[in-house]
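Worksheet for the structure shown next.
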Amino acid sequence: MSTPFSHPIILFDGVCKFCDGTVNFIIDRDPKALFRFAPLQSEFATKILAEKGLVADKEMLSSIVLVHEGRLYFKTDAVLRIARLMGGGWVLFYPLLIVPRFLRDFAYTLFAKNRYRWFGKMDQCRVLTPELKARYLA
């Protein structure tokens, strides 16, 4: 029997339209249902972060978080590892890890600060279809 932690878990801003679109993008390219998902605003994410001494504050909500093999990855570290785990041509992005994190994360943070203005917010987290409920850990 699989547990949530036997899969990579993506924690995302559940009210951000861009973030929701990114989750849909990953789901559409994940036919083996490898990934699990939870909004950063959920009790599940709050618990995971608290176990590592972190809080889902405003700064945390501006980051995507990957929980994989007992470790947490943030911002571009998370994005590049997700790309590698997606397989296919997406693995070609993984070598960008050699770019210093402060440069990668500078661009990420700049984008994250403007995402609501550019893409908007949702009033609530997505309503899940029966097929997706098992993949969401909220």
- Of the listed residues (A33, A112), the one being modelled with pLDDT under 95 and at positive phi is A33
- Criterion: out of contact with any strand residue (DSSP E or B) (no Cβ under 7 Å at 6 or more places or on another chain), assigned to a helix (DSSP H, G or I) and of a type in the set (A, V, I, L, M) - qualifying residue of L80, L54: L80
- Subset tally (residues that are farther than 17 Å from W118 by Cβ and over 9 Å from the mean Cα position of the chain (by Cα)) for region 8-22: 2
- Message: Going through F25, F37, F5 one at a time, which residue ends up being assigned to a helix (DSSP H, G or I) and closer than 20 Å to A112 by Cβ?
- Response: F25
- Within region 119-138, residues being exposed (fewer than 15 other Cβ atoms within 10 Å of the Cβ) and either assigned to a loop (DSSP other than H, G, I, E, B) or modelled with pLDDT of 95 or more (or both) number 8
- Scan region 83-100 residue by residue and report those that are out of contact with any strand residue (DSSP E or B) (no Cβ under 9 Å at 6 or more places or on another chain) and surrounded by 14 or more Cβ atoms within 10 Å (Cβ to Cβ). A83, R84, M86, W90, F93, Y94, L97
- Task: Kindly establish whether V79 is closer than 24 Å to L137 by Cα, aliphatic (A, V, I, L, M) and in contact (Cβ under 8 Å) with a residue 12 or more places away in the chain.
- Result: yes
- Which one of the conditions (1) under 23 Å from K17 (Cβ atoms); (2) at pLDDT 90 or above; (3) not small (G, A, S); (4) not in a strand (DSSP E or B) does E59 fail to meet, given that it meets all the rest? (2)
- Query: Which condition breaks for V65 when tested against (1) buried (at least 17 other Cβ atoms within 10 Å of the Cβ); (2) modelled with pLDDT under 95; (3) touching a strand residue (DSSP E or B) at 6+ places or on another chain (Cβ under 9 Å)?
  - Reply: (2)
- Query: Among the residues of region 56-79, which ones are among the acidic types (D, E) and at negative phi?
  - Reply: D57, E59, D77
- Task: Confirm whether G14 is of a type in the set (G, A, S), farther than 20 Å from L85 by Cβ and in contact with a Ser or Thr (Cβ under 8 Å, 6 or more places away or on another chain).
- Result: yes
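The values are calculated or read from the model by the stated rules, or taken from the named source; none is laboratory data. Everything quoted here is computed from the prediction, not taken from an experiment. As a convention, Cβ positions derive from the backbone with ideal geometry for all residues, glycine included, and neighbour counts pool all protein chains shown.
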